[in-house]
Amino acid sequence: MILISGEALVDLIPDGVSGSVYSAVLGGSPFNVAIGLGRLQSSVEFVSRLSTDPNGEAFAAALRADNIGLAFAARDARPSPLAFVMRGTAKTGARYSFYLDATAYDGPWPFPAAWPSSARHLHVGSISSVEPRHARSVIDAMRKAGEMGTTSFDPNIRPLVTPDRVAVSELVERHVAAASFVKASDEDLAWLYPDQEPEKSIAFWARRGPAFCAMTRGERGAVAYLGDQRLEAPAPRVNVIDTVGAGDSFMSALIGAMDFAGALGRNAGPVTAAGLAEWLAFATQASAITCTRKGSDPPTRAEISAALKR
């Protein structure tokens, strides 16, 4: 069982050129990662806070539809949190403005009091991992999970929610030190360390404790550092429709590829360069497929495998 911890948000995405009309779409980076892993046929439990309003019920239904468990999801009568999405380009990605206060997000994070014996991996990321209300409990959960299995972290920085760069950087570095592996975007790293090239930052993280650290670079694919060894995965060429959810698809596919290879959990062997190269290729292909669709719509394992064969 893989535990995915983080927020579920209603993304309000602009329709048309004017951006004055919005479509409501189920989103939130950890929610997207959970859905992506469910479609890759991993056994997943979602650790989050969900409203009992119609949007919250829609989140629950979507998770169940992809066989994702809700045993660790707290339900709250307050409304679902919102994210207004501003579309970006293939280079910049989307931008977001969030509404979290007085919503279902605003309460104790529902990590299990006793770590489940069947849980072999915990993934944390995005707002709930670095926002002051929940960051400390997330770090504690990562440390506890690390004693039982493997862990992963994706900061998915949202400067409008957590504008204090120094405080956020300190929290992020604690997560990195506690994680078995880390994924971040070049934009995350440019914001965290504005005076340093992003690749130098991800290489530095790889020497702080994780087995490896990967950095996504949009249309330039991804790089990863396994100790001092550098690996690169080019981005497949596709007709980009929408970049929303591309990074989340990369994250879910990376975890899913490792799960399929038996590389998660307490008994996982050491990460090899050959194995990591294969996982990166799988993840970049998943991200590319998502870019050919509107909104966050991660692919299945069959779709990714077919694309890789082509």
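Things worth noting here:
- Checked against the criterion of being among the β-branched types (Val, Ile, Thr) and at pLDDT 90 or above, the candidates THR290, THR243 yield just one match: THR290.
- For the range 266-276, the set of residues classified as surrounded by 15 or more Cβ atoms within 10 Å (Cβ to Cβ) and either modelled with pLDDT of 95 or more or within 15 Å of GLY36 (Cβ to Cβ) (or both) consists of VAL271, GLY275, LEU276, listed by residue number.
- Checked against the criterion of being of a type outside the set (S, T, N, Q), more than 19 Å from the chain's Cα centre (by Cα) and either surrounded by 17 or more Cβ atoms within 10 Å (Cβ to Cβ) or at pLDDT below 95 (or both), the candidates ASP106, ASP11 yield just one match: ASP106.
- Residue match in the range 190-209 (condition: buried (at least 23 other Cβ atoms within 10 Å of the Cβ), in contact with a helix residue (DSSP H, G or I) (Cβ under 7 Å, 6 or more places away or on another chain), closer than 22 Å to GLU7 by Cβ and not β-branched (Val, Ile, Thr)): no
- SER42, sole failed condition from (1) surrounded by fewer than 16 Cβ atoms within 10 Å (Cβ to Cβ); (2) assigned to a loop (DSSP other than H, G, I, E, B): (1)
- Neighbours by Cβ (under 6 Å, 6+ apart or cross-chain): first from the range 115-127, within 18 Å of MET258 (Cα to Cα) and in contact (Cβ under 8 Å) with a residue 40 or more places away in the chain; second β-branched (Val, Ile, Thr) and in a strand (DSSP E or B): HIS121/ILE2; HIS121/THR150; LEU122/THR151; HIS123/ILE4
- Qualifying positions in the range 234-258 - touching a strand residue (DSSP E or B) at 6+ places or on another chain (Cβ under 9 Å) and surrounded by fewer than 24 Cβ atoms within 10 Å (Cβ to Cβ): PRO234, ALA235, ASP242
- Qualifying residue in the range 145-166 (condition: buried (at least 19 other Cβ atoms within 10 Å of the Cβ), in contact with a helix residue (DSSP H, G or I) (Cβ under 6 Å, 6 or more places away or on another chain) and part of a helix (DSSP H, G or I)): no
- Test: SER128 is polar (S, T, N, Q), farther than 25 Å from PRO194 by Cβ and in contact with a Pro (Cβ under 9 Å, 6 or more places away or on another chain): no
- Cβ-Cβ under 9 Å pairs, at least 6 apart or on other chains, the range 163-176 side among the hydroxyl-bearing types (Ser, Thr, Tyr), far side surrounded by 16 or more Cβ atoms within 10 Å (Cβ to Cβ) and assigned to a helix (DSSP H, G or I): SER169/LEU192
- Within the range 210-229, considering residues that are touching a residue at least 60 places away in the same chain (Cβ under 8 Å) and surrounded by fewer than 22 Cβ atoms within 10 Å (Cβ to Cβ), the one farthest from LEU160 (Cα to Cα): ALA211
- Residues of the range 123-144 satisfying the condition of being assigned to a helix (DSSP H, G or I) and surrounded by fewer than 23 Cβ atoms within 10 Å (Cβ to Cβ): ARG136, SER137, ILE139, ASP140, ARG143, LYS144
- Consider the range 14-39 and keep the residues that are under 21 Å from the mean Cα position of the chain (by Cα) and modelled with pLDDT under 95. The one that is surrounded by the fewest Cβ atoms within 10 Å (Cβ to Cβ) is ALA24.
To keep it simple, each residue is scored yes or no on (1) modelled with pLDDT of 95 or more; (2) under 19 Å from the mean Cα position of the chain (by Cα).
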| position | (1), (2) |
| --- | --- |
| SER152 | yes, yes |
| LEU160 | no, yes |
| PRO163 | no, no |
| SER180 | yes, yes |
| LYS183 | yes, yes |
| ASP188 | yes, yes |
| GLU197 | yes, no |
| ILE202 | yes, yes |
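- Taken together, the residues in the range 45-59 that are touching a Lys or Arg at 6+ places or on another chain (Cβ under 8 Å) and assigned to a helix (DSSP H, G or I) amount to 1.
- Just one of the listed residues (ALA114, ALA83) is more than 23 Å from TRP279 (Cα to Cα) and over 19 Å from the mean Cα position of the chain (by Cα), namely ALA114.
The values are calculated or read from the model by the stated rules, or taken from the named source; none is laboratory data. Worth saying up front: this structure is predicted, and the values here are computed from it rather than measured. FYI the Cβ positions are ideal-geometry reconstructions off the backbone, even for glycines, and counts take in every protein chain you see.
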